[in-house]
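For reference, the structure is listed below as structure tokens.
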Amino acid sequence: MRISLLMLIFTIAYTSGESAGKNWWEGAVFYEVFVRSFYDSDADGIGDIKGLTEKLNYLNDGKPETKGDLGIDALWLMPIMPSPSYHGYDVTDYRNINPDYGNLPDFRRFLKEAHSRGIKVIIDFVPNHTSNKHPWFKKSLKANQNAQNAFRNFYIWQNDNEVGANWHKTPSGSYYGFFSPVMPDLNYKNRDVRKQIEKAGKFWIEDVGVDGFRLDAVKYLVENGENIQNTNGTLRVLKNLRKAWKGLSEDVFIIGEIWDNAEVIREYTIKDCVDMGFEFLFAWTLIEGIKDCRPDKIAQKLERACICYPDMRFAPFLSNHDQNRIFSQIGKDEAKMKLAAAVLLTSPGTPFLYYGEEIGMAGTKPDTEIRKPMQWSAGKNAGFSKAQPWQKPNENFRQFNVQSMEFQEQSLLNWYKKLIRLRSRNKALSRGDFTLLEAGCDSILAFQRSCKGEIIAVVHNFSEENADVDDLMIKAYETNTDLRLERLIGSRLDAKESSLTITGTAKPCSTEIFRITAD
């Protein structure tokens, strides 16, 4: 449909979006994987690196013309380093692979295969603490209180008998462990600690070839008295680590787990401590909006995020390994799940998906319940393993699994594939500017994304009922050229040719998307 531009509100230039970042991660869709639960290749009940390699074609087969793969651009692997725990966040060796998952040659083969498909790979790096079974801590523990042991000051010790919260007593003194007695905090006031962590990161970048890190719990690195979060010392440590790792390659991506408000996270990005931070409140606000059928708070959150984060350097998500799964939070309602996915994948920022989210995996805490095996089929053990899995699969796997949903045209899985492809093929969605549009209806979230001669207009109906959209005006830059309008998703709304406005009745829990380009 061709549209002649007459009298419009001209507020956004067709050249908008040119300032958007050029880094590979800013246009990417990430997929978080818990290797232990993804796919078991050797029938020991535990997912492994070889199993992950086998399933790469599901994630992205490297052939843009096909539609069978999910289409993600990058992977975030939860901890893969040696650890005594199932989750791996208490590391015993910063330069090796957990033997449950394989070995370094396995991982290097996996990286080669991932990169050949155009998939970038970042790994979880845990800088705040180690395991209490790490050789550093064992040596630190054995040291006499007054001895000048090289490893004593790798951790934070005090000799007083009276200790406060997060201090843990031993015969040789009390050590600080913010998260757990089995996770002693490293002492970043010690230059040797900073050097060791820097070298460990360089090992994974230079010797192994990863594309970056998700840094765990970074706001707790350096305490300053009773102030244990977001200290200047923490910012300095992170800035120096990032500088050292970026010195190897500017393409190295550093994202931090900074569970805080946008103003705090912004300090980490503008001061070059990390490239990006997760937007934790996005998930909570979106879920509340879907439950209440009111998108006003998520609209405010998105607008605020675009103001707070330079070049939209933030990472929205629906849920992750620390939160109840999104499908459970919204009552296992597939229509609402599709709406949540659509909002995520049309919003600004760099979206992160949690494995199994795309097939409706459910789960509520404790943590093992939200990190269960991936549901590949309706067969034995959900197709995850030929042996008894380390954790029993979800009970909904017979209905919600990859094999079954791939052949259902309207399935949640195929909805995710459609949205991800739409985002990857339209720079306005992946990198474009963001502007809220006035819909005149409390249940409608409408906005446009603009980039280099293209505008994507998006209309989400949060209501469980039909909602009227009356002359929703798309904003464009003044030009005498003709415009072309293309419907990308949806069927109920229409655009008026003379005024470039969207009107009609939106279906319950629905999304409609239009693309406007200049000839």
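The values are calculated or read from the model by the stated rules, or taken from the named source; none is laboratory data. If you're wondering where the values come from, they're calculated on a predicted model, not measured in any experiment. Glycine also receives a Cβ, built like all others from the backbone with ideal geometry; neighbour counts cover every protein chain displayed. Quick note on the areas: whole protein, heavy atoms, side chains included, nothing else; ligands and nucleic acids left out. Shrake-Rupley method; radii C 1.70, N 1.55, O 1.52, S 1.80 Å.
Multiplying the residue separation of Lys195 and Arg108 by 0.36 nm and removing their Cα-Cα distance gives an extension gain of 28.9 nm.
Compare the Cα positions of Leu56, Ala439, Thr346 along the charge dipole of the chain (+1 at Cβ of Lys, Arg; -1 at Cβ of Asp, Glu; about the Cα centre) and return the one farthest towards the positive end. About the Cα centre, the residue reaching furthest to the positive side is Leu56. Summarising the amide proton neighbourhood of Ile489: residues at separation of 5 or more, or on other chains, whose placed amide H is nearer than 5 Å comprise Ile513.
Among the GluC sites (Glu not before Pro) within the stretch 432-472, those in coil by DSSP and having at most 16 neighbouring Cβ atoms inside 10 Å are Glu438, Glu464, Glu465.
When only Cα pairs below 8 angstrom with a gap of at least 6 residues are kept, the stretch 280-393 shows a relative contact order of 23 percent. Per residue of the chain, the DSSP helices (runs of n ≥ 4 H) give a summed -39500 (n - 2.57) that works out to -7500 deg cm²/dmol at 222 nm. Hey, got a sec? Which GluC sites (Glu not before Pro) in the stretch 181-284 land in a DSSP loop and have at most 12 other Cβ atoms within 10 Å? Within the stretch 181-284, the qualifying GluC sites (Glu not before Pro) (loop, at most 12 other Cβ atoms within 10 Å) are Glu226, Glu250. Backbone geometry of the stretch 465-476 corresponds, through the Karplus equation with coefficients 6.51, -1.76 and 1.60 at θ = phi - 60°, to 3J(HN,Hα) couplings of 10, 4, 9, 7, 10, 10, 6, 6, 8, 7, 9, 9 Hz, x marking Gly and Pro.
Across the stretch 499-510, computed HN-Hα scalar couplings (Karplus, 6.51 cos²θ - 1.76 cosθ + 1.60, θ = phi - 60°) run 10, 6, 10, 9, 8, x, 10, 7, 5, x, 6, 10 Hz from first to last residue, x flagging Gly and Pro. Carbon-plus-sulfur accessible fraction, the chain (probe radius 1.4 Å, protein heavy atoms only): 45%.
3J(HN,Hα) couplings calculated from phi for the stretch 436-449 with the Karplus curve 6.51 cos²θ - 1.76 cosθ + 1.60 (θ = phi - 60°) are, in sequence order, 5, 10, 7, 9, x, 8, 5, 8, 9, 9, 10, 7, 10, 10 Hz; Gly and Pro show x. A DSSP coil position with no more than 14 other Cβ atoms inside 10 Å describes the following chymotrypsin sites (Phe, Trp or Tyr not before Pro) in the stretch 390-428: Phe407. Beta bridges assigned by DSSP with both partners in the chain are antiparallel in approximately 65 percent of cases. Count Lys and Arg as plus one, Asp and Glu as minus one, and take only other residues whose Cβ is under 15 Å from that of Ile370; the net charge is then +1. Local charge for Thr66 was computed over the other residues whose Cβ lies under 13 Å away, with Lys and Arg +1 and Asp and Glu -1, and equals +1.
Per residue, the average separation of C-alpha pairs within less than 8 Å and at least 6 apart gives the chain a relative contact order of 17 percent. Counting only protein heavy atoms and a 1.4 Å probe, the chain has 40 square angstrom of accessible area per residue.
Given 37 °C and 0.692 mPa s, how large is the Stokes-Einstein diffusion coefficient of the stretch 176-222 in µm²/s, with Rh as the Kirkwood radius over Cα pairs? Rounded, D is 270 µm²/s. The antiparallel fraction among DSSP beta bridges confined to the stretch 191-325 stands at about 10%. Backbone amide hydrogens, once placed in the peptide plane, bring Leu75 within less than 5 Å of Tyr31, Lys120, Val121, Ile122, excluding anything fewer than 5 places away on its chain. Label separation (Glu369 vs Ala518): 5.5 nm, computed from points 7 Å beyond Cα along the C-beta direction. Subtracting the Cα-Cα distance of Asn240 and Ser116 from 0.36 nm times their residue separation leaves 41.5 nm of extension gain.
Checking the Cα-Cα distances for Lys199/Lys372; Lys63/Lys392; Lys112/Lys392; Lys142/Lys202; Lys142/Lys195; Lys63/Lys336 against a 26 Å cut-off, the pairs over it are Lys199/Lys372; Lys63/Lys392; Lys112/Lys392; Lys142/Lys202; Lys63/Lys336.
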